[in-house]
Amino acid sequence: MTSTNIYNAFYVVKKTYDNIHKLMEYCAANGQTESHYVQAVPKFLRYKSDNDVQGWFIKNFIMLFQDVQDPELENGWRNGSVYILEIELYDEECTDLPLVYLSKYDYKDIENWSAGCSPTNHWRFSDPRHNHDALHIKEKDAYLYATAKNMETCDQNYWGLRTIRSTHFSLLDLASNNAIEKVFGGFEKLDKATAL
């Protein structure tokens with residue numbers, strides 16, 4: 001490994017982060033004005049760790065949205081689904097990356113949640129799509145549908161999660177001229193999607 005290779009690798013990561021930052025800012029600023037989705041928490045969620053090398057760089061970004069038409073609760077959340085924009089750049093087990101996942105999570109009692117959401121709660125929104133022990137997960141083409149199976153795990157770890165509807169597409173298909181349609185139009189398609 002040469003110093004040039006190391007420099008070039010970090011240059012590409014930095015440029016990728018710059019573009020993701022622009023995309024997230026664009027979605028945060030235009031979600032409500034161009035559609036009816038509002039950012040549920042002001043910061044994106046991510047995994048960070050001083051002890052785990054995987055936590056030294058951000059490989060997965062999550063933004064939470066809710067439908068502005070759903071009534072606002074005292075805790076600051078809205079009484080409705082949580083829509084998730086997840087950008088996954090790297091996973092040792094998946095070679096199809098980078099991908100964008102759009103998901104709709106429905107919960108048992110969002111009105112009992114605490115206000116806000118720490119970025120460290122990233123795993124509460126990234127893990128459920130993969131947890132076959134806690135959820136019945138069915139996949140077909142680019143769609144995933146999941147229902148709670150282990151209620152104790154879903155209540156304690158995933159804040160009362162009951163159902164997931166999710167789809168994905170290549171991050172390379174996303175650009176400034178189609179971000180509203182792909183992201184927020186994708187959320188609307190999940191609202192209409194039927195169980196697999």
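The values are calculated or read from the model by the stated rules, or taken from the named source; none is laboratory data. Remember, it's a predicted structure, so these values are computed and weren't measured experimentally. Here the Cβ is made from the backbone with ideal geometry for all residues, glycine too, and neighbour counts use every protein chain on show. For the accessible areas, the whole protein counts, side chains as well, though only heavy atoms, and no ligand, DNA or RNA atoms are used. Shrake-Rupley method; radii C 1.70, N 1.55, O 1.52, S 1.80 Å.
At most 15 other Cβ atoms within 10 Å and a DSSP loop assignment: could you name the GluC sites (Glu not before Pro) in the stretch 3-76 that fit?
Those that pass, being in a loop and sparsely packed, are 74.
Using θ = phi - 60° and the Karplus curve 6.51 cos²θ - 1.76 cosθ + 1.60, what whole-Hz ³J(HN,Hα) does each residue of the stretch 8-23 get, with Gly and Pro shown as x?
Per-residue couplings from phi come out as 4, 4, 5, 4, 5, 4, 4, 5, 5, 4, 4, 5, 5, 4, 4, 4 Hz.
Run the dipole for the chain about the Cα centre, Lys and Arg Cβ at +1, Asp and Glu Cβ at -1, nothing else charged, and hand back the magnitude in debye, nearest 20.
Here the size comes out at about 220 debye.
Mind ranking 165, 129 by accessible surface for me, highest first, 1.4 Å probe?
Output order, biggest surface exposure first: 165, 129.
Do any chymotrypsin sites (Phe, Trp or Tyr not before Pro) in the stretch 5-95 lie in a loop, going by DSSP, with at most 16 other beta-carbon atoms within 10 Å of their beta carbon, and if so which?
Answer in residue order: 56, 57, 90.
Counting only other residues whose beta carbon sits under 10 Å from that of residue 58, what net charge do I get with K and R as +1, D and E as -1?
Details: positive: 46, 48, 59; negative: none.
Result for the neighbourhood of residue 58: +3.
Keeping all protein chains in the complex and leaving out DNA, RNA and ligands, what accessible area do you get for residue 43 with a 1.4 Å probe, in Å² to the nearest 10?
Counting only protein heavy atoms, residue 43 exposes about 130 Å² to solvent.
Specify which residue in the list 29, 83, 98 is farthest towards the positive end of the charge dipole of the stretch 7-103, using unit charges on the beta carbon of Lys, Arg (+1) and Asp, Glu (-1), about the Cα centre.
So the residue we want is 29.
Net charge within 10 Å of residue 119 by Cβ-Cβ distance, Lys/Arg positive one each and Asp/Glu negative one each, not counting residue 119 itself?
Here the charged neighbours net out to +3.
For the stretch 10-161, give the percent of accessible area contributed by carbon and sulfur heavy atoms, probe 1.4 Å, rounded to a whole number.
Percent of accessible area from carbon and sulfur atoms in the stretch 10-161: 47.
Considering the options 156, 41, 176, tell which one lies farthest towards the positive end of the dipole of the chain, charges being +1 on Lys and Arg and -1 on Asp and Glu at the Cβ, about the Cα centre.
So the residue furthest toward the plus end is 176.
Across the stretch 118-135, in residue order, what do the Karplus-derived ³J(HN,Hα) couplings come to in whole Hz, using 6.51 cos²θ - 1.76 cosθ + 1.60 with θ = phi - 60° and x for Gly and Pro?
Result, rounded to whole Hz: 5, x, 6, 7, 3, 5, 5, 10, 8, 6, x, 5, 10, 8, 6, 6, 9, 10.
Inverting the mean 1/r over all pairs of different Cα atoms, compute the Kirkwood radius of the chain and quote it in Å. Intermediate results must be reported in sequence, preceding the final value.
On the way: mean 1/r = 0.0568 Å⁻¹.
Here the Kirkwood hydrodynamic radius works out to 17.6 Å.
Determine the sum of side-chain charges near residue 106: Lys and Arg each +1, Asp and Glu each -1, restricted to other residues whose C-beta is under 13 angstrom from that of residue 106.
+1
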